[in-house]
1. So how strong a dipole does the range 1-79 carry about its Cα centre when Lys and Arg Cβ are +1 and Asp and Glu Cβ are -1, to the nearest 20 debye?
2. Which one, Leu46, Leu17, Phe35, is farthest towards the positive end of the dipole of the range 9-67 when Lys and Arg carry +1 and Asp and Glu -1 on their Cβ?
3. Given (1) 20, 19, 16; (2) 28, 20, 15; (3) 22, 18, 16 as candidate values of semi-axes √(5λ) of the Cα gyration tensor in Å, which corresponds to the one derived from the coordinates?
4. Note the angle between two axes, namely the Cα long axis of helix 110-120 and the longest principal axis of the Cα atoms of the chain, as a number of degrees from 0 to 90, rounded to the nearest 10.
5. Compute the angle between helix 136-154 and the longest alpha-carbon principal axis of the chain, please, reported from 0 to 90 degrees and rounded to the nearest 10.
6. With θ taken as phi - 60° and the coefficients 6.51, -1.76 and 1.60, list the Karplus ³J(HN,Hα) couplings across the range 15-24 in order, rounded to whole Hz; mark glycine and proline as x.
7. Nearest 10 degrees, 0 to 90: what angle lies between the long axis of helix 88-106 and the longest principal axis of the chain (Cα atoms)?
8. By its C-alpha gyration tensor, with a ≥ b ≥ c as the square roots of the eigenvalues, how is the range 1-79 shaped: rounded for a/c under 1.5, else prolate for a/b larger than b/c, else oblate?
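Coordinate-derived values only; no laboratory data. Here the structure is a predicted model, which means the values were calculated and not measured. Counting neighbours? That spans all protein chains shown, and the Cβs are built from the backbone with ideal geometry, glycine included.
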Amino acid sequence: MVEDWYVELRGPLAHYLGTLGCAPPLAEELTQEAFFRLFRAHEANLEIHDTRAWLFRVARNLWIDHRREAKRFSSIADLPFPDVTPNPEQQALRRERLKRMGGHFARLPELERECLRLKAMGLPYRQIAKILGISMGTTVESVRRGMARLRRRSGGL
């Protein structure tokens with residue numbers, strides 16, 4: 001059972017961690033830890049109603065814990081993913097656009113940022129609500145408000 005979830009969600013979980021600013025090797029490590037915890041939960045006969053949401057929540061919490069730990073021992077900032085667009089001109093244009101959007105995105109309230117990240121990964125509102133531990137209405141409203149703020153700040157997305 002855990003193996004099936006691993007095959008289905010290993011990539012999306014590592015990608016999600018990457019969208020939070022987690023470097024790829026660490027994202028892979030945290031993904032493996034999340035699945036290890038799922039295995040232990042199944043061994044302990046813990047009842048998990050929505051395994052996908054549970055895994056995303058565990059991975060997110062592992063990332064948060066890692067960042068807290070890193071801040072205590074280091075002042076190194078989170079490293080963003082490098083831009084790998086092949087054409088140099090396209091790279092420059094994309095970097096500039098992402099920089100502007102990243103600035104707009106970074107100024108959103110944390111809940112709106114988290115909801116938008118998960119929605120951009122294709123997760124349904126119900127799962128986003130479970131991952132973040134909020135109501136479905138709050139989830140929908142956070143996505144709506146976040147998108148509206150981004151549109152206003154960027155001149156229309």
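1. 400 debye
2. Checking the options against the dipole of the range 9-67, the answer is Leu17.
3. Identified label for the calculated read-out: (2).
4. It is inclined by approximately 80 degrees.
5. Between the helix axis and the principal axis of the chain, the angle is about 20 degrees.
6. Once rounded to whole Hz, the list reads 5, 4, 4, x, 5, 7, x, 7, 5, x.
7. So the helix axis and the longest Cα principal axis differ by about 70 degrees.
8. Note, shape of the range 1-79 comes out prolate.
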